[in-house]
1. Can you tell me which residue in region 143-164 is modelled with the lowest pLDDT, limited to those that are open to solvent by less than 50 Å² (accessible area, probe 1.4 Å) and not hydrophobic (A, V, I, L, M, F, W, C)?
2. For residues that are hydroxyl-bearing (Ser, Thr, Tyr) and in a loop (DSSP other than H, G, I, E, B), scanning just region 59-105, find the one that is most open to solvent (accessible area, probe 1.4 Å).
3. Restricting region 106-142 to residues that are open to solvent by 70 Å² or more (accessible area, probe 1.4 Å) and of a type outside the set (D, E, K, R), which is farthest from SER168 (Cα to Cα)?
4. State whether the residues of region 28-38 include one that is open to solvent by 60 Å² or more (accessible area, probe 1.4 Å) and modelled with pLDDT under 50.
5. Do any residues in region 139-159 that are acidic (Asp, Glu) have Cβ atoms under 6 Å from those of residues that are modelled with pLDDT under 95 and open to solvent by 60 Å² or more (accessible area, probe 1.4 Å), where the two are at least six apart or on different chains, and which pairs are they?
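The values are calculated or read from the model by the stated rules, or taken from the named source; none is laboratory data. Here the structure is a predicted model, which means the values were calculated and not measured. Here Cβ is always computed from backbone atoms with ideal geometry, including for glycine, and neighbour counts include all displayed protein chains. Side chains are part of the model used for accessible areas, which takes the heavy atoms of the whole protein and leaves out ligands, DNA and RNA. Shrake-Rupley method; radii C 1.70, N 1.55, O 1.52, S 1.80 Å.
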Amino acid sequence: MRLTLARTLFCISLALVSAVSFATPSKSTLQQWQQWPTVGSADLDFMFFDVYTSQLRSPEGQYQVGNDLSPHPVALAITYERNISKKHLLKETKKQWAHLGYNTNQSSQWLVRLGNIYPDVALGDQLVYITDGLSGAFVYIQKDGLTQWRGEITDEALNDAFLAIWLSPNTEYPKHRQQLIGLN
């Protein structure tokens, strides 16, 4: 009886955590970042292929360069210029974190979390990461306008590691970073 009750409570707890983590925010919350001024934008190309266009926005239209990669709210919007599988997005995220020197054990845990969030993306789709500086959320906007709340990041270290791919001074693409943060 106790075991059954414990299992039932555990299942209810999991359901509540899932519902909170993937709850659909209000329309105004989803659209708020779109009202923020653009800090900068950049295109990522690989050889002859366009991969994506990225855009950084903040409430003030500026990015504060410093040791903290997310000292204030920002939205990083990535519009894909080709179809890319979730598996490939995860592989590239892992590659970027290795380049930045993140601990493999830690990044493996983060990749599991992102594996539950990343979608397969298609040409014209947009994946947006909106953060308050400590935690954030992913919104997926398909080219037809269908918007999905994909999940939240409540771990500040993961929040910063995700943004570091684009905003760290040690990023693999420094010119891309310069354009995003409005320095060029």
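1. Ranking the candidates gives GLY145 first.
2. Going through the qualifying residues, I end up with TYR102.
3. Out of the qualifying residues, it is LEU123.
4. yes
5. Sorted first by the residue in region 139-159, then by its partner, the pairs are GLU156/LEU134.
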